[in-house]
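The values are calculated or read from the model by the stated rules, or taken from the named source; none is laboratory data. Remember, it's a predicted structure, so these values are computed and weren't measured experimentally. Counting neighbours? That spans all protein chains shown, and the Cβs are built from the backbone with ideal geometry, glycine included. Side chains are part of the model used for accessible areas, which takes the heavy atoms of the whole protein and leaves out ligands, DNA and RNA. Shrake-Rupley method; radii C 1.70, N 1.55, O 1.52, S 1.80 Å.
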Amino acid sequence: MHSIRCVFCRGTGNDPFGIMSWHSSCPVCLGKAVVDVPALHVPCAHCKGTGAFKTFTCGVCAGKGVVSAPDGPTRVCPDCRGTGDDTPSGMACLTCRGRGWIGADVLC
Ligand SMILES: [Zn+2]
Ligand SMILES: [Zn+2]
Ligand SMILES: [Zn+2]
């Protein structure tokens, strides 16, 4: 694991949306401003690497903005075309679980 700056709060440690209070801690890094991520990671397609989906933490990457990198060949998800979104519901694509890519050996 290694640490990166928390994208959800942009490294401030505070809740970026101030849902409870502008002074409450970021729900992703718990106020530490850094989060632990796998050493090999790729940007989360569903939240476009922002960690936020609307005003919620992204359910795909848990607000970290990155997901663990694939350990094999991948291809672009045919259902969401790499966006990670399930239109029109706006939820994470079920086929790729919001990542935007699937293992090349996964048959649909
Ligand atoms: Zn944070
Ligand atoms: Zn995400
Ligand atoms: Zn997909």
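Given axes a ≥ b ≥ c from the Cα gyration tensor, I'd like to know whether the chain is rounded (a/c under 1.5), prolate (a/b larger than b/c) or oblate. Judged from the Cα gyration tensor, the chain comes out oblate (a/c at least 1.5, b/c at or above a/b).
Around the Cα centre of the chain, unit charges on the Cβ atoms of Lys, Arg, Asp and Glu (plus for the first two, minus for the last two) sum to a dipole of about 260 debye. Coupling constants for the stretch 27-37 follow from the phi torsions by the Karplus curve (6.51 cos²θ - 1.76 cosθ + 1.60, θ = phi - 60°), and in residue order they are x, 8, 9, 6, x, 7, 6, 10, 10, 8, 10 Hz; glycine and proline get x. Which of rounded, prolate or oblate describes the stretch 25-86 when judged by the alpha-carbon gyration tensor and an a/c cut-off of 1.5? Here the stretch 25-86 falls in the oblate category.
What shape does the stretch 21-61 have by the C-alpha gyration tensor, where a ≥ b ≥ c are the square roots of the eigenvalues, rounded means a/c under 1.5, and otherwise prolate means a/b greater than b/c and oblate the rest? It comes out oblate by the Cα gyration axes. Expressed as a whole percent, the accessible area of the chain that falls on carbon and sulfur atoms is 58 (1.4 Å probe). You can think of it this way: the chain between residue 30 and residue 71 has 11.8 nm of extra reach, that is 0.36 nm per residue less the Cα-Cα gap.
Taking each residue as 0.36 nm, the span from residue 89 to residue 62 lengthens on full extension beyond its C-alpha to C-alpha distance by 7.8 nm. Note that the chain presents 61 Å² accessible area per residue, ligands and nucleic acids not counted, probe 1.4 Å.
If R0 is 22 Å, the Cβ-Cβ spacing of residue 48 and residue 10 corresponds to a FRET efficiency of close to 0.95. The alpha-carbon of residue 54 sits under 18 angstrom from the alpha-carbons of these aspartates and glutamates, leaving out residues fewer than 8 places away in its chain: 15, 85, 86. Annotation: for a label point projected 7 angstrom from Cα along Cα→Cβ of residue 97, residues of the stretch 46-65 with backbone N closer than 20 Å are 46-53, 57-65. Among 80, 14, 29, whose Cα projects farthest towards the positive end of the dipole of the stretch 1-93, with charges put on the beta-carbon of Lys, Arg (+1) and Asp, Glu (-1)? Sorting the options by dipole projection puts first 14.
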